[in-house]
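Structure, as structure tokens:
The values are calculated or read from the model by the stated rules, or taken from the named source; none is laboratory data. On a predicted model such as this, the values are computed, not experimentally measured, just so you know. Backbone-built Cβ (ideal geometry, glycine too); neighbour counts: all protein chains shown. We work out accessible area using only protein heavy atoms, side chains counted, and drop any ligands, DNA or RNA first. Shrake-Rupley method; radii C 1.70, N 1.55, O 1.52, S 1.80 Å.
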Amino acid sequence: MAIVTLSDVTKTYPPADKNATVVTAVDDVTLDIEKGDVFGIIGYSGAGKSTLVRLINALEPASSGSITVDGIDITRLSERELRRVRSGIGMIFQQFNLFSSKNVKANIAYPLKLAGWKKSDIDARVTELLAFVGLSDKAKAYPEQLSGGQKQRVGIARALATGPDILLADEATSALDPQTTHEVLELLKRVNEEQGVTIVVITHEMDVIQTIATKVAVMEGGRVIEQGDVFDVFSNPQNPASQRFVGTVIKGVPSPAEAASLRERHDGRLVTFSFRDGDSSQAQVFLDLANAGLGFELVYGGINDIRGRAFGHLTLAIRGTDAAIDAALSTIGAHAQVTELEGEAR
Ligand code: ADP
């Protein structure tokens, strides 16, 4: 069941001055986020990710299209009704956005006070949340006394306080080191799995998607250019622009600069073969090349792991006549994805 649905949603901002043009930050986006998903929204800076999240959160109105959250069309609500919808959505941020003058307990209690909870209920709920995020001993600490990872755990506890169905995470780990990122992602996974909260993560970091997301949408220029199961989108992107984005974040595909350097150092035609979990075609590639009497050398490669499923890329420098190489690549193309790197063979 979809918990968030966007249909033909566009968001434009007026020109900054009379010489500027209208900015289309989100351009005709249609997508469904299913209940229980960890839905990643990825893309370069300026792609429209944060704007999309502000629309889902009803912090800004869409210019056109409709947005449904928990079955309610939020594009047609009054400000008072919107406040109720927003209370069902938690949010965490890159810079944590904690109140520096309040201790951990008061930070987490804040949304409960706003919602009019009784003091004894607030105390019990905060105790429960502190235990869940592993900070029971920090109730009296102030944000400046906490590490980045601890601050984000407070941010998560605060976002979950009123029991939202949806948690929006906007670059929530981008200010953290890799080890701390890992801990925060593990916590978010528990939020999803143990509390059944649907999570939308906006990120430019591949690790984040790889570790926790189940679905992903790739954005560029305000549009969603590709969406689907994380493994499918990353192991076999269909759209040229998402191939470009995915190519920069996954392991094993040489960048144009690396391809140029490989070409300097190796004779022959450079060809990348892509494999997915469960294919038995890796060995077959080597057999096909050997059977065709071609010489080859492994020059670049890498394996990616997405929630326990692997895919990878191997780049070989292949030597032989063009006709023999073309024939072999066409045979191999029937069982593996074959991409010849652009540029002249040496
Ligand atoms: P991302 O989160 O992917 O980096 P944003 O959603 O922040 O992208 O921005 C998408 C585009 O919309 C950018 O060109 C940005 O400059 C523009 N934009 C975002 N917010 C506003 C705003 N409040 N007013 C004008 N332009 C904006």
| note | Going through the range 176-185 in order, the residues found to be over 15 Å from the mean Cα position of the chain (by Cα) and part of a helix (DSSP H, G or I) are PRO178, GLN179, THR180, GLU183
| Mind checking whether some residue in the range 128-141 is part of a loop (DSSP other than H, G, I, E, B) and of a type in the set (Phe, Trp, Tyr)? | no
| task | Among what's in the range 106-121 and is open to solvent by less than 70 Å² (accessible area, probe 1.4 Å) and within 33 Å of the chain's Cα centre (by Cα), pick the residue that is farthest from ARG84 (Cα to Cα). | result | ALA106
| said: Against the definition (more than 24 Å from THR203 (Cα to Cα) and small (Gly, Ala, Ser)), how does SER101 come out, yes or no? | reply: yes
| Can you name every residue in the range 28-77 that is assigned to a loop (DSSP other than H, G, I, E, B), within 16 Å of the ligand (Cβ to nearest atom) and under 18 Å from VAL201 (Cα atoms)? | GLY43, TYR44, SER45, GLY46, ALA47, GLY48, ASN57, ALA58, LEU59
| task | Looking only at the range 204-212, decide whether some residue is of a type in the set (Asp, Glu), open to solvent by 20 Å² or more (accessible area, probe 1.4 Å) and within 10 Å of the chain's Cα centre (by Cα). | result | yes
| field | Among the candidates ALA159, ALA131, residue that is modelled with pLDDT of 95 or more and open to solvent by less than 20 Å² (accessible area, probe 1.4 Å) | value | ALA159
| query | So which of GLN179, GLN145 ends up being modelled with pLDDT under 95 and loosely packed, with under 15 Cβ neighbours inside 10 Å? | reply | GLN179
| query | Going through the range 301-345 one residue at a time, which ones are open to solvent by less than 10 Å² (accessible area, probe 1.4 Å) and farther than 15 Å from SER235 by Cα? | reply | THR315, LEU316, ALA317, ILE318, ILE325, ALA328, ILE332
| query | How many residues, within the range 1-27, are within 16 Å of the ligand (Cβ to nearest atom) and open to solvent by 70 Å² or more (accessible area, probe 1.4 Å)? | reply | 8
| Hits in the range 78-105 - residues which are open to solvent by 60 Å² or more (accessible area, probe 1.4 Å) and assigned to a helix (DSSP H, G or I) | GLU79, ARG80, GLU81, ARG83, ARG84, SER87, LYS105
